[in-house]
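Below is one structure; the comments refer to it alone.
The values are calculated or read from the model by the stated rules, or taken from the named source; none is laboratory data. Everything numeric in this text was worked out from a predicted model, so none of it was measured. Don't worry about glycine lacking a Cβ; one is built from the backbone with ideal geometry, like all the others, and counts go over all protein chains shown. When the accessible area is computed, the model is the full protein with side chains, heavy atoms only, and any ligands, DNA or RNA have been set aside. Shrake-Rupley method; radii C 1.70, N 1.55, O 1.52, S 1.80 Å.
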Amino acid sequence: MAEGPRPAESELPRVVDWTEITLTHRCNQRCFFCYEEARDNATEPDLERVKELLRATAGHAEQVVLCGKEILMRRDVPQIVAYASSLGLKAVVFTNGQALAREGVVEELAEAGCAGVAVSFHFPDAETFARGARISPKGFELILAGLRRVRDYNLAHPERPLPISTESDVFALNVGRLEEMRDTLREALEGAPWRMRLASLLPARTYDIGLDRVLDPLPARREEIAAFVESQPEGIPLGFVKVPLCLLPEGEEHRSLDAQYVYEGTRLTFNHAEADRISIDEASASITRDLASVMRLHPYRWVCRACALAPMCRFERVHWDHPGFGPDREQRPTPYRPEGVAPAALDGLPLPTRRRGAAEVLAPLGASTDGVGRVEALNTFLGGLRYPEEELLSALKELDTGSIRLVDAWSEGPPVLVVRLEIDGAPLDLHLGVPSLRPPFALVDYLDVRPLGDAPPPALLARALRHLATLVPPPPERWAEDTFFDDHLGRLYAALSPRLGEALWPGLGGLGPFASVGLSVDEDRGLHLSLEGPGGVKAELLAHGGDRAGAPPSLGLEVEAGAGAEDLRALLSALGIEASDLSAWQGAGGGLAARDEGAGWRAQGGGGREARGGGGDPSGALTIEVAPKERPEPRYRFHVARCLQGQSYFKRVGDLGLWYSHDHHDKVAEVCAGPILLAMEELAGTPPGAGTLERWAEGLEAASVARRVGGRLDWRLRWSD
């Protein structure tokens, strides 16, 4: 990947003045968007460990935010606040507000020297709260009661009030209701000063609560935020955090905390990822982070990197793989531009490209020349980045033959592209993805091609696919840094495309007299091409393997009984098999099974099927079935084996790989996986095998105790040669 000049380290001051410490992963709410859900197995630090973290923090920071899932589930928070204050730290408590309604809590925090409380307030009413927080609506009333307690305390103690702020994420459950939420907060906090923040809900582990998508179209949300800013009452400061700057209204002197962090050269530190040390959170970005690495996970990356505001937008704790957050045409970002500046085009496509001077954006912050220089240096760097999507766009533009042309392109999740083609005047929208475990529609080299909207006429789609087949897309290696790209499948698809051609286009191609009717990927990351011959005879081609060294994949062919000799001969011929004497290929039942392992085809009579997919345990692997003892079904099935080159796994620990073959992935599955991962670390020197089952069983029990689920899980282990 070609890169622009990196800012010199000396040009990026490493000013560390803000730290968050997660104190607990317990909570009395179950909010559908909570990013802390992914960290349920993290250890809760005890009081002495928290003090150690605070001492480390005091060495470089002025303020510490104490947070968690719900921090006030810990009764020692006032003691922690007092200790932080004794170290000279300003300690802010971040809470959902329910516990503030308890008698004496507000007073204890204030007397301990708390520098402020920040209260999450995301829902406009009790009914919506119950849906989104997934608990009783009574919790909503407790939050309001807690706010009123802080108000009453502050009115009674004007000489030493407890500063309060609220933070409201924006998502589909409160669209159009931001002003209603503000009115509710004003009523609860009437007479007492407070600050309000709007925050962009970032894609996290999200539950199914009946939302087609979590965010409403960004342009609509942008209009609502602009109206909200316009109507903000005097005396209630309004700020924004983690809100993409293209969502904020133009020309307003609003306060973006993200832009302020960039201007000041702030580095944020967290202990989210591990509760036993302070570290830079791997999913957070600031002035000193490698924005190129962060943006590789961002579905708008190839648009955003052309925006002058990109260095000031933070993409924290992002899980873009949830379908509710997948961007679409309506979600395309609106570029931030001053009035009178017309949108520019990138090589004829309507994408934002003009790189405005950072001074225009930072001016409301009173930015110095040095601050502007830092942002401009990062802008120069980002402007030099090139992503595979852009290479793919360039290749698509070269397809213009007069009868087919590229009309538009936009982001789509998982990241890559949606393109609008026009073929003889007929529009066709296609999603161009890359190999994943989702069943593909059609493959062009290793690109997964899917039509959007209503199914297009087959002839139109066939023409588009044939044009796309002439592309020279970026090689699979160019996508290797993207977490959504499975390089094993990429190599497998790329090896099969020239060999099988249009057979990889279900409904449009085939092999000999057998039409291609379906394409799927199994849990072992093998490709299954379903075929149908004359008379409805079914056949299936199975492809596995392939590696970085260029070894070809192994192919297996299975044909039902009933295929005519000539049809069968034509099918085999299409695969490059000479079969003049079919008696060697057809068993007593008239079926056929054959396998190509790189040294010629080997036939099996009788049409016998090989075990694959979920039909049996993988060979050379330790299979672990686990289920909670109080709920023995369904059981979760994991596999542990030495890692193979070119394979990908759910998790890797040293040279051991873990993957699963259960078809239900939920929170319980993650809890069950925790002890297995810990056992893999402890037993790294004890390879799984028939002779080590007992040792692995003991290791899993010990790991269960360490993970605080000892005695609650039922383990069953077996080894398959």
- Item | Rounded if a/c under 1.5, otherwise prolate or oblate - region 15-147, Cα gyration tensor axes | prolate
- Task: Go through 562-571, 229-238 and give me the packing order, highest mean Cβ count within 10 Å leading.
- Result: 562-571, 229-238
- Item | Separation in nanometres of the label points that stand 7 Å from Cα toward Cβ, at Ala145 and Thr686 | 5.2 nm
- FRET E, pair Glu103, Leu47, Förster distance 30 Å, beta-carbon r, rounded to 0.05: 0.80
- Query: Given the protein chains as shown and a 1.4 Å probe, how many square angstrom of Phe94 are accessible, to the nearest 10?
  - Reply: 50 Å²
- Note on the structure: For Glu141, the accessible surface traced by a 1.4 Å probe with all protein chains present amounts, in square angstrom to the nearest 10, to 100 Å²
- Query: When only the heavy atoms of the protein chains count and the probe is 1.4 Å, how do Lys397, Lys138, Lys242 rank by accessible area, highest first?
  - Reply: Lys138, Lys397, Lys242
- With all protein chains in place and a 1.4 Å probe, Cys304 shows an accessible area in Å² (nearest 10) of 20 Å²
- Item | Pairwise FRET efficiency - Glu330 versus Val472, Cβ, R0 = 30 Å, nearest 0.05 | 0.45
- Item | Burial order of peptide ranges 437-450, 153-166 (average beta-carbon count within 10 Å, highest first) | 437-450, 153-166
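Ranked from highest to lowest mean number of other Cβ atoms within 10 Å per residue, what is the order of the peptides 95-101, 515-521?
Numbers: 95-101: 23.1, 515-521: 18.1.
The densest-packed peptide leads the list: 95-101, 515-521.
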- Heavy-atom accessible area with a 1.4 angstrom probe orders His467, His431, most exposed first, as His467, His431
- Task: Keeping every protein chain in place, order Glu502, Glu190, Glu390 by accessible area at 1.4 Å, biggest value first, i.e. largest first.
- Result: Glu190, Glu502, Glu390
